[in-house]
Amino acid sequence: MTPIPAFDPLGLPAPIWFLLALKVFGFWVHLIFMGLWFAGFVVGLLLLPSNGSLRLAGQRLLKRIPVIIAFGVNAGIVPLLFLQVLYPQFFYTSTVLQAWYWFSVIVLIIFAYYGTYYYVHNAEREERKRVATLIGWLSALIFLFLGIVFASEMQLMVTPDRWSDFFRHTIGGAVLGNRLAFDGIDLQRYVMVFGLSLSTVAAFFVFDRHLLNGSSEVQPEELRTLVLGLTFLGLVIFGAGAVPYLRHLQPYLKGIGLWKFLAGVGPFLALLGGVLYAIQPATSTAWLLVIFQALSLLFNAITRQIVQVRELAQHVDLSSLPLHIQLSPILLFLITFVVGVIVTLWLLRMYRTAST
Amino acid sequence: MEYPFWYVPGIGSPMLIPMVALPHVLVSHFAVGGGILLWLGIRKAYRENDPDFLAYLRRLTRFFVLLTVVFGAITGVGIWWTIALSSPQTTSSLIHAFVFGWATEWVTFVLELVSAFGLYYLWDRLNPKAHQAVALVYALSAWISLVLITGITAFMASSGKWPQTHLFWDGFLNPTFLPSVVTRTGGALALTGLYLYMHISLIKIAPEVKEKVARWASRWAVIGVGLIVLGGLWWYNAVPGYIHDKIAERPTVVTLAIVAVLATLVATFFLAFWGKKEWLVAPLTVLLFLVGSAGFVAGEFIRESFRKPYTIEGYLFSNNVYTTQVDAVRARGFLNTAKWPKAYLQARYPQLFTIEGVLDTTQLPSLTPQQRADIGRAIFEYHCGVCHTLSGYNAIFDQIRGSDPDLIQAIVEDLEDHPAMPPFVGQSWENQLLVEYLFQAMKGGVQ
């Protein structure tokens, strides 16, 4: 058994519920964007050889991926911040134990991100098309790989009894960090997120077509099958990961009643949205699918948090941690947040006027 | 004391930080200075009704957004990634002290993104008023993000009253906060001037526009240099005593930095007042940019090296020992306190530990030389490894070569006599094993 570091002596800077709420909120926003490059990049590339609406819909998604990455990575900062506030002793230790992989995330994102820009700027130029497509695929694959690193990290973090396997690879007790923790459970987590992401991609297509006033050349009739297919596949793939994962989680989920099924409700909701849209592709059903998918991701963000707290409860009781609450920095953040939201809406309205 | 240490051959994991942080600093200051200049430039272009100048700014924006939104943002997250990997305890302290400062900064990042993409994608479509408003939002949010992060980085070297109070504002509004904001704002403007020279010399551009951009950017760069000097002097007056002493001790580094800044200053003045701009050609502007960057990098390096032996002044030493913890750790022994090297030894040499898990020094004589070296190595990695490698960066071998072990033991005993080093918190037998190991390793006696 390896040791678990002590919690930070500075204590928690805000009430636990507040920290958890911000963490869940941030992760939810992150999930929304992340699905669009995690699964969306591949889906967009796969749609290119088709013709008509599907190709166009795929192209429109691919074109937006740079912006999506910018906001998605940005949103990812929030849950990581609060994760480090709540569980530093687990998070830092497990990243150090697989340090090179965790470090590689930064390097790989830079490559994949510029690769995405290169793809977007050159995919339509005849002379650079082939190289661009190649780079596009490479970037998409890098993002798929990064998912593996994140799944490994989030799982190793909550299983300190596995740490000693990694601590065996050291020099004088200093960790080499050259092993990745990826195993069956991580694969299940990975697959679940991939399934969820497919439904997000479906929601993006209808969002783009009906709610963003996207290209009228994308025919809703042609989009139907794709949307239905993606939400269905999303559910199946999510289930393929969730069923065994739920079995693994059983011991931690005692006494939380139906909550444990909340995450599983999500993909069904998304499928329902997909079916409704397939029956009648219109703005109203597009809204439904988008809302259902947003809810599905929110349910997942919440359940994941419950599970994380539960899994770690055997090692640390959050409510016993020292509190060192200071109101003014919290207010600083909240006020800035509100101002930020207002300014963002103001800017977006300006953009809307400008683009019509 | 709490976390495992990541071993990176040759340089040590902490040296990965500058590899990410220095490129980031060069881009993020451009994100701020460039943001301010874009806003000023867009205003100027509309005021003077100069479509050519506006067209230039549009080209600048493409380059600017691609550089700052991607590279700047990811390396920014990357710094956090690397400090957490090489110095978890420090990162945890910073996060717990300032998480809402960071959360606030996150809001400014969102605004930066929303406004940067507005400029990037809707340049032609925004009406002049909206255009200037978007640019202003960008400039303001970028500058505020600089202010916020400066509060935290300045805090690490001059923590003010914070170690006593642990209050957010005592840490954030630390003695070097304001001077650092002034210096960094100036640095951002000056560096942006150099970026712009490089940009206009690398793209195809009409000579009149080039002339105008150079003249205009130079004016702001000069102001930037002025702010650097002002902020620098102010900073010098505000730094805590332990840094003052070091500045007095290391005049060469300081002169070097000042010369680099002066070189930039002189170059900038030249450009500001020289009539013709034909000589602003690529190799020269790139060189100028490199000189300016070198000055910047030197500044950051000096700031960081002055901060040793602390990662947070008066609170936490670089090797993860809290200042208040020193006596207690000494009393218990380093290996009995530092969790991970202890776990490492417990797994390998259970015979050394009592049933209660306390290291029993009476068992030490039973160890083979190889085993003693192994223990020495663990002490080295966890007590010294954050600043020294064996033979690579800041090599310990270079420090001990030619000395005899007794002398080195004496130095280690009073390690804090060296201004850059924290106190040794081990007991004398730990000191002995450490030094024994170092000399053996230097002779190639152990792997």
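Details
- Top-ranked residue in region B:86-119 [being aromatic (Phe, Trp, Tyr) and either in contact (Cβ under 8 Å) with a residue 40 or more places away in the chain or in contact with a Ser or Thr (Cβ under 7 Å, 6 or more places away or on another chain) (or both); ranked as farthest from the other protein chains (Cβ to nearest Cβ)]: B:98
- Of all residues making up region B:211-243, the number that are surrounded by fewer than 16 Cβ atoms within 10 Å (Cβ to Cβ) and touching a Ser or Thr at 6+ places or on another chain (Cβ under 6 Å): 0
- Evaluation of residue A:17 against (1) of a type in the set (Phe, Trp, Tyr); (2) surrounded by fewer than 23 Cβ atoms within 10 Å (Cβ to Cβ); (3) in contact (Cβ under 8 Å) with a residue 12 or more places away in the chain (one fails), failing number: (3)
- Hits in region A:321-356 - residues which are farther than 26 Å from residue B:101 by Cβ and of a type in the set (Ser, Thr, Tyr): A:351, A:353, A:355, A:356
- Pair list, Cβ < 8 Å and 6+ apart or interchain, from region B:362-373 residues that are more than 11 Å from residue B:429 (Cα to Cα) to residues that are exposed (fewer than 10 other Cβ atoms within 10 Å of the Cβ): B:363/B:351; B:366/B:351
- Conditions (1) within 30 Å of residue A:270 (Cα to Cα); (2) in a helix (DSSP H, G or I): number failed by residue A:281: (2)
- For region A:126-143, the candidate set comprises residues that are buried (at least 17 other Cβ atoms within 10 Å of the Cβ) and either away from chain B (no Cβ under 14 Å) or touching a Gly at 6+ places or on another chain (Cβ under 9 Å) (or both); within that set, the residue that is nearest to residue A:249 (Cα to Cα) is A:142.
- Taken together, the residues in region B:18-62 that are under 18 Å from residue B:138 (Cα atoms) and either acidic (Asp, Glu) or without any contact (Cβ under 8 Å) to a residue 24 or more places away in the chain (or both) amount to 3.
- Region B:374-396, subset among the small types (Gly, Ala, Ser) and in a loop (DSSP other than H, G, I, E, B), residue nearest to the chain's Cα centre (by Cα): B:385
- Complete set of residues in region B:399-429 that are among the charged types (D, E, K, R) and either under 32 Å from the mean Cα position of the chain (by Cα) or within 29 Å of residue B:301 (Cα to Cα) (or both): B:401, B:413, B:414, B:416, B:417
- Test for residue A:249: is it buried (at least 20 other Cβ atoms within 10 Å of the Cβ) and assigned to a helix (DSSP H, G or I): no
- Residue match in region B:24-35 (condition: away from chain A (no Cβ under 14 Å), β-branched (Val, Ile, Thr) and either in a helix (DSSP H, G or I) or surrounded by fewer than 20 Cβ atoms within 10 Å (Cβ to Cβ) (or both)): yes
- Residue satisfying all of: in region A:79-101; under 22 Å from residue A:169 (Cα atoms) and among the hydrophobic types (A, V, I, L, M, F, W, C); farthest from the other protein chains (Cβ to nearest Cβ) among these: A:90
- Residue check for residue A:177: out of contact with any Lys or Arg (no Cβ under 9 Å at 6 or more places or on another chain), within 14 Å of chain B (Cβ to nearest Cβ), buried (at least 22 other Cβ atoms within 10 Å of the Cβ) and of a type in the set (Gly, Ala, Ser): yes
- Only one of A:286, A:242, A:278, A:282 that is within 18 Å of the chain's Cα centre (by Cα) and of a type in the set (A, V, I, L, M): A:242
- Residues located in region B:162-197, provided they are free of Cβ contacts under 8 Å to residues at least 24 places away in the same chain, within 14 Å of chain A (Cβ to nearest Cβ) and in a loop (DSSP other than H, G, I, E, B): B:167, B:173
- Restricting region A:223-238 to residues that are of a type outside the set (A, V, I, L, M) and buried (at least 17 other Cβ atoms within 10 Å of the Cβ), the residue that is modelled with the lowest pLDDT is A:224.
- Checking region A:306-326 against the condition returns a match, with at least one residue being within 9 Å of chain B (Cβ to nearest Cβ) and either surrounded by fewer than 16 Cβ atoms within 10 Å (Cβ to Cβ) or more than 27 Å from residue B:114 (Cβ to Cβ) (or both).
The values are calculated or read from the model by the stated rules, or taken from the named source; none is laboratory data. Keep in mind the model is a prediction, meaning the values are calculated, not measured. Positions of Cβ are generated from backbone atoms using ideal geometry, with glycine treated the same way; all protein chains shown enter the neighbour counts.
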